[in-house]
1. Within the stretch 85-121, find all residues whose amide N lies under 18 Å from a label point positioned 7 Å from the Cα of D162 along Cα-to-beta-carbon.
2. What does the charge count around D90 come to, taking other residues whose C-beta lies under 13 Å from its C-beta (Lys +1, Arg +1, Asp -1, Glu -1)?
3. How big is D for the stretch 154-197, in µm² s⁻¹ as a whole number, if Stokes-Einstein is applied with the Kirkwood radius of its Cα pairs at 4 °C and 1.567 mPa s?
4. Which order, highest average first, do 190-197, 29-36 follow once you tally other Cβ atoms within 10 Å for each residue and take the mean per peptide?
5. Using per-residue counts of other Cβ atoms within 10 Å, averaged over each peptide, order 93-99, 164-170 from highest down.
6. Please give the net charge around Q192, taking every other residue with its beta carbon less than 9 angstrom from that of Q192, where Lys and Arg add +1 and Asp and Glu add -1.
7. Which net charge results when you count Lys and Arg as +1 and Asp and Glu as -1 among the other residues whose beta-carbon is under 11 Å from that of Q172?
8. Equivalent ellipsoid semi-axes for the stretch 19-114, as square roots of 5 times the alpha carbon gyration tensor eigenvalues: give them largest first, rounded to whole Å.
Amino acid sequence: MPVRINLLAEAIAAEEERRNDPVKRAVWIGGFCVFLVLLYYSTLLFEQMVVSSRLAEKNTEWSRLEPEAKNIATVSKNIREAADRLAALDRLATNRFLWSPVLNALQYTMVDQIELVKLSGTQTYTVITPPKEKKATTRSSARSSGKEKPASSTESIMLVLDARDYGPTADQNYNAFRDAIATSGYFKSSLQSEGGLRLAQLLPPSSDGAGAGRAFVSFTLECKFPEKVRH
C-alpha cells in the first residue's frame, strides 16, 4: 500500500492549537465585558442628563412660585395668630374672674364686733414667653417643626381684707371671722386648698380716739385664689 505523508500536518496542528488558546478567549471575553460596562455607563450618563434637565426645570418653576408661596405662608400665619387672639379673648370673656360672687359671699361671713375697714382685690398677670425655636435649615425640617407655641400668662388673684375687732381681746373675734370665711361654701370651693386663707397681720390693741374711744385690734386677712394659666 502506498504511504501518504501529510506535509502540512504540523502547520495544521499549530493552527488548531492557536485557535484553542485560552489567553485569546480571555481577551475576547474581557473585551465583551468592557463593552457591557461602557454601555451601562452610557445609559447611566444619559439618565443623569435627563434627571438634571428635569431638576433644572423644577428649580426654575420653584423660583417662580417661591415668592407667592412665602406670601401665602405669611398670610396664613397672620390669620392663625388673629384666630388665636380671638379665641383667647373669647376664653377670657367667658372664663374671666367675676368679683360680684366674692362680694356676695363676703356679706354672709360678717361676725359681730368685726368692722371691715378696707377691701382690696389684686388681679395680676405674669406673661410667660415660650423659648424661640431654632430656624430650620432645610425645607423638610421646616415642615416638621410645626407651628410655634403661643405665649401664655399666669393669672394671680388675691382678696385683702383690712378689719378691726372691737370685741374683748379674749374673744378673738378675728379668728371667728376667719373661720366664717373658711367655712363659707363659695370661699371653701374657690380658694386655694393650701394657703388660700391666712391671717397676714395682727396688730396690738389700740383705740380709735382719745379718752373714751373704743379699743380694737387691727388685723389683715388674705384670700388667695388658685392661679390659672391663660393662653
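1. 114-121
2. Details: positive: R85, R91, R96, R230; negative: D84.
Net charge around D90: +3.
3. On the way: Rh = 12.1 Å.
Value of D from the Cα-based Kirkwood radius: 107 µm²/s.
4. On the way: 190-197: 13.6, 29-36: 10.0.
With the highest mean Cβ count within 10 Å placed first, the list reads 190-197, 29-36.
5. Numbers: 93-99: 10.0, 164-170: 15.0.
Taking the mean over residues of other Cβ atoms within 10 Å, the ranking is 164-170, 93-99.
6. On the way: positive: K224; negative: E194, E227.
Charge balance in the 9 Å sphere: -1.
7. Working: positive: R178; negative: D165, D171, D179.
Here the count lands on -2.
8. Numbers: eigenvalues 1462, 108, 6 Å².
They are 85, 23, 6 Å, listed from largest to smallest.
We did not get these values from a lab; they are worked out from the coordinates using the rules stated. Remember, predicted model here, so these are calculated numbers, not experimental data. Note: ideal-geometry Cβ built from the backbone for every residue, glycine included; neighbour counts use all protein chains shown.
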